[in-house]
Amino acid sequence: MTDGERSTALVNVFVIDAPGDFEEVWVEILGVEVKTTGTRGQDNANPIFFENVQSNKQVNLSSLILDKQFLVGRGELLVGAITELTLKLGTNHYVVIDGARIPLVIENIENQNPSLTVNYPLDPGISYDIFIDFEVFRSITASPNPANGFVLKPKLRSFTRVDTGEIAGSILPLKENAVVYAIQGQDTVSSTAIELSTGKFKLRGILGNHTVSIIPFNSAFQSETITNVRVESRKITQINEITLRPKP
């Protein structure tokens, strides 16, 4: 059978992330529900559930930096277009700070199944990698009652590598963590953290001109800003190594 005769496309859905000021962030992910256009392009198809087939469905989001990713689910879909992604979360979530496990509680029932509206055309016989960026920096807040730990209100974005690029770089001194933002206009479109052992970072799923902002977790260092960083589709823009400067 030729590609033109096939009526389905293979879809792989991955989760990536950049941790906040936590040693580890564990989230239980049951799978992802994918909604597509139905017959004759109408939005009437029943959603398809791609199950996380791992026996332990908890994912350490804090490990998913640089080129690391976690396969949430995969399956074949009829050609057309993906219009919505819904991440299905369980109830067993926590963060680790200074070696201690602290509860991470979903804010309300609506946030247990966060959805994204997308538009990803599907052609027959093609394999597609779709990424969901679980933005921990924006998703976790301290609970009003400290005994309850932290509150999870998932903030997600989605992208494919077909129509986006990346920014890669590194900071010194080693072992100094920071959050790195890609800013476009007034919007923060991507964020990541540093791989402590190498100082490397990578901002994924972006396109066009950006300002890169580096905010050290260590308040003894100054923030750094790099302007006019251009990102092209399917390419990695490498920026010069950045040495954090102590505050005066």
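The values are calculated or read from the model by the stated rules, or taken from the named source; none is laboratory data. Nothing here was measured: the structure is a model prediction, and the numbers come from that model. Backbone-built Cβ (ideal geometry, glycine too); neighbour counts: all protein chains shown. Note: accessible area is taken over every heavy atom of the protein model, side chains too, but ligands, DNA and RNA are not part of it. Shrake-Rupley method; radii C 1.70, N 1.55, O 1.52, S 1.80 Å.
Restricting attention to region 135-169 and to residues that are of a type in the set (Val, Ile, Thr) and more than 20 Å from residue 118 (Cα to Cα), the residue that is modelled with the lowest pLDDT turns out to be 136.
Restricting the search to strands (runs of 3 or more DSSP E) fully inside region 68-108 and requiring at least 1 residues that are open to solvent by 50 Å² or more (accessible area, probe 1.4 Å) and within 21 Å of residue 37 (Cα to Cα) gives 70-78, 80-89. Out of all the residues in region 176-193, which are open to solvent by 50 Å² or more (accessible area, probe 1.4 Å) and in a strand (DSSP E or B)? 181, 184, 187, 188 - these are the residues of region 176-193 that are open to solvent by 50 Å² or more (accessible area, probe 1.4 Å) and in a strand (DSSP E or B).
For region 153-202, name all the residues that are within 22 Å of residue 217 (Cβ to Cβ) and β-branched (Val, Ile, Thr). Result: 167, 171, 179, 180, 183, 188, 189, 192, 194, 198. Out of region 199-227, which residues are in contact (Cβ under 8 Å) with a residue 60 or more places away in the chain and within 18 Å of the chain's Cα centre (by Cα)? Within region 199-227, 200, 201, 202, 204, 205 meet the criteria. One residue stands out among those in region 194-216 that are polar (S, T, N, Q) and closer than 16 Å to residue 67 by Cβ: the one that is surrounded by the fewest Cβ atoms within 10 Å (Cβ to Cβ), which is 197.
Yes or no, residue by residue, for (1) among the small types (Gly, Ala, Ser); (2) touching a helix residue (DSSP H, G or I) at 6+ places or on another chain (Cβ under 8 Å); (3) free of Cβ contacts under 8 Å to residues at least 40 places away in the same chain:
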site: 62; (1), (2), (3): yes, yes, no
site: 68; (1), (2), (3): no, no, no
site: 71; (1), (2), (3): no, no, no
site: 74; (1), (2), (3): no, no, no
site: 78; (1), (2), (3): no, no, no
site: 85; (1), (2), (3): no, no, no
site: 90; (1), (2), (3): yes, no, no
site: 97; (1), (2), (3): no, no, no
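For region 217-224, the criterion of being open to solvent by 50 Å² or more (accessible area, probe 1.4 Å) and either under 18 Å from residue 133 (Cβ atoms) or part of a strand (DSSP E or B) (or both) is met by none of the residues.
Taken over region 228-248, the residue count meeting the criterion of being of a type in the set (Ser, Thr, Tyr), under 23 Å from the mean Cα position of the chain (by Cα) and in a strand (DSSP E or B) is 1. Taken over region 141-159, the criterion of being open to solvent by less than 20 Å² (accessible area, probe 1.4 Å) and part of a strand (DSSP E or B) is satisfied by 152, 159.
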